[in-house]
Amino acid sequence: MAAESATPLKIEGIEVGEPDERNKLLAKRKELVSLLRSVRRSLETNRKPLIEEQPFLATETQYSFLWDGRTGRFTERGAGKVHEIFERFGSDGAMDYFQFRAYLEMVGRPAELPAYIIDYSEAWRCYVYDLFGCDEVGRLTADAFLRYRERLEPKHPLEFDLIKLGMNLLSPELEAWEKHKRSFVSIADESVTEEYLFALRTMGEAYVPRVPGRELQLLAFDSGELMTQEQREWLQVVHWNKNALMDQVRVRYAKRNKFAEHQKSEIDPTDRENFHMNSSIGWWFSGRPRQELRSFEKGALNFKFASYRWLRNTTRVLSDTIGRLKSVVDRRLLTRMLRHHRRRISNLHPAPFLPSLSPPPFTPASIFSPLRQEVGRR
């Protein structure tokens, strides 16, 4: 018995010798397991995503970003897309029989339900009422349409409906984020040359997209927002003050944490002329106040920046075309091509049975002979 008590116990590969210490670890382990199980049950009850059994394998291909195969329900993004479809075909917060048939027709499934159901409005109302629920007048509500799509998802995925309807798979927030990022990079790259990028690569520095402060109104227009000059100036001051504040927070954190000295920021807080993409995207989608504009102000700003954008796009296309032609001329590619074609033409010989294609020899008489013949006729 003494030998058995002296034998160390292994818990998760760790040897524990003392009985008291062993019992404490076992009790602690039991408590942690119980807490994790209670958290899991709570998440399942509240329809939240389950805790992963293997966290590093959470992004398996069998799980869509719109549909969660583990819970058998739509994700938050998928439910939002279902609501977008519902709003597109429904009206006044409901979808009636004819709107539902229009939805089936648009997604290419007009015969999804049997004919004795889909061909009669009363039979359709009874069908949706028994399976999904409907309002007082027999129309599908948003929650009922979501239940209908959840029941249909294993056979007809939501992605197919979105593609058939020409809708983006991303959420509206992600669409706006992608649009703003493309607009930022487009404006920032307009004034960047290949020589500048080559110089940065030579010095070992990374290219950081920047948009001048005077271009903020154009950036807002490209991102789908209208902004006046007064609001632009105010937002510039707020954004640059925010960068200065973040720099102070970073310096204070670096002083308190000895491992934070190497963490450098790509944003220069003393730069009060440009906007940096890494610091402006989060601020752009924050709760900053949006200016309310009147109708004639919206029309004037739309006309102004639409004309300005068309002029800049045209200038950029012409500049790129001229630059490519100049590159072709500098490399003598056009001369080589013409010389090659001239050599090919000179090697061509007419067939013996064809008249000669070369022009007659030039003589002074050849100029005056047609004139003399015309005078003689008269």
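The values are calculated or read from the model by the stated rules, or taken from the named source; none is laboratory data. Since the model is a prediction, treat every value here as computed from it, not as a measurement. In this analysis, Cβ positions are derived from the backbone assuming ideal geometry, glycine residues included, and neighbour counts consider all displayed protein chains. Surface areas here come from the heavy atoms of the whole protein model, side chains and all, with no ligands, DNA or RNA. Shrake-Rupley method; radii C 1.70, N 1.55, O 1.52, S 1.80 Å.
Taking the range 120-147 as the search range and keeping residues that are free of Cβ contacts under 8 Å to residues at least 24 places away in the same chain and within 13 Å of Ala79 (Cβ to Cβ), which one is surrounded by the most Cβ atoms within 10 Å (Cβ to Cβ)?
Arg147
When residues of the range 122-157 are filtered for being assigned to a loop (DSSP other than H, G, I, E, B), more than 15 Å from Arg109 (Cα to Cα) and either of a type in the set (Ser, Thr, Tyr) or in contact with an Asp or Glu (Cβ under 9 Å, 6 or more places away or on another chain) (or both), how many remain?
6
Provide a single number: the residues in the range 104-119 that are loosely packed, with under 13 Cβ neighbours inside 10 Å and over 18 Å from Ile85 (Cβ atoms).
So the answer is 5.
For Arg256, state whether it is over 29 Å from the mean Cα position of the chain (by Cα) and open to solvent by 50 Å² or more (accessible area, probe 1.4 Å).
Details: over 29 Å from the mean Cα position of the chain (by Cα): yes; open to solvent by 50 Å² or more (accessible area, probe 1.4 Å): yes.
Criteria met by Arg256.
Are any of the residues in the range 96-105 over 25 Å from the mean Cα position of the chain (by Cα) and assigned to a loop (DSSP other than H, G, I, E, B)? Can you show your working first?
In the first step, residues of the range 96-105 are kept if they are over 25 Å from the mean Cα position of the chain (by Cα); the result is 96-105.
When the remaining residues are screened for being assigned to a loop (DSSP other than H, G, I, E, B), the result is 96.
So far as the range 96-105 goes, yes, one or more of its residues are over 25 Å from the mean Cα position of the chain (by Cα) and assigned to a loop (DSSP other than H, G, I, E, B).
At least 3 residues that are open to solvent by less than 60 Å² (accessible area, probe 1.4 Å) and touching a residue at least 24 places away in the same chain (Cβ under 8 Å) in each: list the helices (runs of 4 or more DSSP H) lying fully within the range 158-233 that qualify.
Details: elements: 158-164, 172-189, 194-203, 216-222.
Helices (runs of 4 or more DSSP H) meeting the threshold: 158-164, 172-189, 216-222.
Quick one: what pairs do we get from the range 304-329, first residue closer than 15 Å to Val192 by Cα and assigned to a helix (DSSP H, G or I), second acidic (Asp, Glu) and modelled with pLDDT under 85, C-beta under 8 Å, 6+ apart or different chains?
From the range 304-329, the pairs are Arg312/Glu190; Arg316/Glu190.
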